[in-house]
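Trainee: My questions will all concern the structure given below.
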Amino acid sequence: MSVTAIKLAPVMQFVPAIKIEQVQKRFGDLHVLKGIDLTINQGEFFGLLGPNGAGKSTLINILAGLLKSTHGNIAIMGHDVVNDYQSARLALGVVPQELVFDPFFNVREMLRFQAGYFGRGRENDAWVDEIIESLGLTDKAHTNMRKLSGGMKRRALIAQALVHKPPVIVLDEPTAGVDVELRQMLWEFIKKLNRDGHTIILTTHYLEEAETLCERVAMMKQGEIVALDTTANLLSKLPGKNLRLKLGNSTLPAALLPMLKNGENGVFTLALTDLNQIEFALSELRKANVNVEDMQLIEADLEDVFMSLVGGKAGGG
Amino acid sequence: MNLIDNAISPAWRGTYTLFKKELFRFWRVAFQTVASPILTALLYLLIFSHALEGHVQVYKGVPYKAFLIPGLIMMSLLQNAFANSSSSLVQSKIMGSIVFVLLTPISYLQFFIAFLAAAIIRGFLVGFSIYIVAIWFVDLHIMHPLWIFAFALLGSALLGTFGIIAGIWADKFDQMAAFQNFVIMPLTFLSGVFYSIHSLPPIWQTISKFNPFFYMIDGFRYGFFGQADISPWISLVVVVAFLLALAWLCLKMLKSGYKLRG
């Protein structure tokens, strides 16, 4: 996998990749974004998390020029997305969440058209071929988009976002609905893009994905950012650990129910605020004559942080 | 097209690419977009000329079959110019692929120019093909080629613009079909394709004069026969006025992002 590094002009190096100031969006009475402020620096791998309806997609659509904000400004690499939209869009590549495609063309044609929309001519064809190869699409380059599998369509969408060599790339749920092997491949590809100098903004349904990839994360809830920090700092805010018990057919003793985080198929996860609670849990299990088949002590993950801040079910939207 | 690709400036390459993509799009399904309207027009020619030849004298010295051809050419040209921009837009909106254009630096004016130019090309291609096939069957002289070109260009531009407006407005194929069947079809059929408005009762003559399609077809026909229901200059003014009004509305919609950029 080889992707040419993005070289930024020295004067651009200190400009934030994305600067969002007091962005609000209303749909009638519905206040979808309530004054978002966010700065993402060049070269960052940034995660945007939140449940359905949190406003992530709305924010990304405003960033990409697909929606207009009710109030506030967004600049991409210093270019305002409204007043200087052409420069802003040249600096941005967006991978949409939905598997959208043009049914009239094959992969290579579609990528060349996309490059042409950004003012790139035949001199860009070598780059298009390089992306095709990097994303494992070489065998499918002459296949009509309609005939590609879901995974291949996803790769083609990522390729489309890269044809004009944008320094900033937004990936909206890039691994939604893809198998484990492709997910790993895409993770490696996106990490490579980031190492090559691209700023990456990722919205994801999978908190594990954000935890693995993102240096910094913003968590959104009901149109507001409720947490913004490095992934490491967010995780350290929850010192607690989890105790996972495999109990087979036995039920959890009633004394342990207040600590229960989740439990199904005989596997129960208890949230610990103190390591002394391990001894308490084991003594209660002994008292109840419950046989422990397996036991694991697990660090708190981003999902725990997410649940504590956002509440409710984690998910993309 | 490679030569043009290299010659065009980067600032206009986006417009040119979108135009080229729109051409390829209809050419990929040329049976449906080009061959089918040619066949339909020839069937009209065959049936109407067979049924009415000798019964109807519209212009002095002009056989009905010859009278019919410019009307059929213009009708097909207008309908296909409309179909090109409208169906492409509504389809890419429904499929979601419109996003690939909306994410690019292409301005609203460039977007308009690309879609319009492709609509004009398809209109011309269908119209010219019908002409080429028809002159095998009918002796058809051209008296004023510039008038023919002017009305073909203005007519396809007007309907191409109308198609962009309809494509932006319609959210589903059903709405587009309604637009085509309840607006475009009646206006073309009631515009004098098959008859001269002088053969109509006075009230229908007056009503016909509110139909912009009448002026496009009448002016276009003047280019062939040197005679028309009204002066081609009046038709030219009316068609240009309609084109400017629709282009203004279309550009206003595109600039505001109506139904495209929430």
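Rule-based calculations on the coordinates, nothing more; no lab input. Because the structure is predicted, anything quoted here is derived from the model rather than measured. Neighbour counts run over all protein chains shown; Cβ positions are idealised from the backbone, glycine included.
Trainee: Could you tell me the center-to-center distance, by alpha carbons, between region A:230-271 and region A:108-160 in angstrom?
Mentor: 45 Å
Trainee: Let me know the mean shielding of B:104-115 by other chains, meaning the per-residue number of their Cβ atoms within 10 Å of its Cβ.
Mentor: For peptide B:104-115, the averaged partner shielding equals 3.
Trainee: Using 0.36 nm per residue of separation minus the Cα-Cα distance, give me the extension gain between A:K192 and A:K68 in nm, one decimal.
Mentor: 41.4 nm
Trainee: Just name one of A:F45, A:M110, A:V180: the one whose Cα is farthest towards the positive end of the charge dipole of chain A (beta-carbon charges, Lys/Arg +1, Asp/Glu -1).
Mentor: Checked the options; the winner is A:M110.
Trainee: Across the residues of A:116-127, average count of Cβ atoms on other protein chains within 10 Å?
Mentor: 6
Trainee: Using a Cα-Cα cut-off of under 18 Å, which aspartates and glutamates could be cross-linked to B:K209, ignoring same-chain neighbours fewer than 8 residues away?
Mentor: B:K209 reaches B:D218, B:D229.
Trainee: Same structure again: Excluding residues on the same chain fewer than 8 positions from B:K21, give the aspartates and glutamates whose Cα lies under 18 Å from its Cα.
Mentor: Of all the aspartates and glutamates, those that pass the test against B:K21 - Cα under 18 Å, at least 8 places apart if same chain - are A:D102, A:E109, A:D125, B:D5.
Trainee: Would any residue of region B:180-209 have its amide N under 13 Å from a label point 7 Å out along Cα→Cβ of B:I234? List them or say none.
Mentor: Within reach of a label on B:I234: B:197-198, B:205-209.
Trainee: Give, rounded to the nearest 20 debye, the magnitude of the charge dipole that region A:240-299 has about its Cα centre when Lys and Arg contribute +1 at Cβ and Asp and Glu contribute -1 at Cβ.
Mentor: The dipole magnitude comes to about 80 debye.
Trainee: Which whole-number percentage describes the relative contact order of region A:240-299, with Cα contacts under 8 Å and a sequence gap of 6 or more?
Mentor: Contact order relative to length: 52 percent.
Trainee: Let me ask another. Work out the mean other chain Cβ neighbour count within 10 Å for the residues of A:65-77 and drop it here as an integer.
Mentor: That average works out to 2.
Trainee: What number, rounded to the nearest 500 deg cm²/dmol, is the helix-based mean residue ellipticity at 222 nm of the protein assembly as shown, given -39500 (n - 2.57) per DSSP H run of at least four residues and division by all its residues?
Mentor: So the helix-based figure for the protein assembly as shown works out to -15500 deg cm²/dmol.
Trainee: May I ask you to work out the translational diffusion coefficient for region A:240-299 at 37 °C, viscosity 0.692 mPa s, via Stokes-Einstein with Rh from the Kirkwood sum over Cα pairs, reported in whole µm²/s?
Mentor: Once the numbers are plugged in, D ends up at 292 µm²/s.
Trainee: On to the next question. Would you mind checking the tilt of helix B:10-28 against the longest principal axis of the Cα atoms of chain B, expressed as 0 to 90 degrees and rounded to 10?
Mentor: Roughly 50 degrees between the two axes.
Trainee: If you count the DSSP beta bridges with both ends in the protein assembly as shown, what percent of them are antiparallel, to the nearest 5?
Mentor: 70 percent
Trainee: Another question about this same structure. Might you report the magnitude of the Cβ-based charge dipole of chain A about its Cα centre, with Lys and Arg at +1 and Asp and Glu at -1, to the nearest 20 debye?
Mentor: 600 debye
Trainee: Then there's this: Place a +1 charge on the Cβ of each Lys and Arg in the protein assembly as shown and a -1 charge on the Cβ of each Asp and Glu, then give the dipole magnitude about the Cα centre in debye, rounded to the nearest 20.
Mentor: Here the size comes out at about 1360 debye.
Trainee: Here's something else I'd like to know. When only Cα pairs under 8 Å and 6 or more residues apart are kept, what is the percent relative contact order across chain A?
Mentor: 22 percent
Trainee: How about A:K25: which aspartates and glutamates have a C-alpha closer than 18 Å to its C-alpha, ignoring those fewer than 8 places off in the same chain?
Mentor: Reachable aspartates and glutamates: A:D37, A:D80, A:E224.
Trainee: Here is a follow-up. Enumerate the calculated ³J(HN,Hα) couplings along region A:217-224 in order (Karplus 6.51 cos²θ - 1.76 cosθ + 1.60, θ = phi - 60°), each rounded to whole Hz, writing x wherever the residue is Gly or Pro.
Mentor: Values per residue, Gly and Pro as x: 9, 10, 10, 10, 8, 6, x, 10 Hz.
Trainee: Once the Cβ-Cβ distance between A:N276 and A:T212 is put in as r, and R0 is 35 Å, what FRET efficiency do you end up with, to the nearest 0.05?
Mentor: That gives a FRET efficiency of 0.65.
Trainee: Take every Cα pair under 8 Å in chain B that's 6+ residues apart, average their separations, divide by the length, and report that relative contact order as a whole percent.
Mentor: 25 percent
Trainee: Taking Cα atoms, how many degrees apart are the long axis of helix B:64-95 and the longest axis of chain B, rounded to 10 and kept between 0 and 90?
Mentor: Tilt of helix B:64-95: around 20 degrees.
Trainee: Going by average Cβ density within 10 Å per residue, which order do the peptides B:188-200, B:40-52 take, highest to lowest?
Mentor: The peptides rank, most packed first, as B:188-200, B:40-52.
Trainee: Taking 20 Å as the cut-off for C-alpha to C-alpha distance, list the pairs among A:K246/A:K287; A:K165/B:K255; A:K56/A:K147; B:K172/B:K259; A:K68/B:K259; A:K19/A:K56 that go past it.
Mentor: In this structure, A:K165/B:K255; A:K56/A:K147 lie more than 20 Å apart at Cα.
Trainee: Let me ask something else about it. For the charge dipole of chain B, defined by +1 on Lys and Arg C-beta atoms and -1 on Asp and Glu C-beta atoms about the Cα centroid, which residue among B:L146, B:V183, B:G167 has the Cα displaced farthest towards the positive pole?
Mentor: Towards the positive end, the residue furthest out is B:G167.
Trainee: To continue, here is another question. If I take R0 = 45 Å and measure r between the Cβ atoms of B:S36 and A:V226 in this structure, what FRET efficiency does the formula 1/(1 + (r/R0)^6) give, to the nearest 0.05?
Mentor: Plugging the Cβ-Cβ distance into 1/(1 + (r/R0)^6) gives 0.20.
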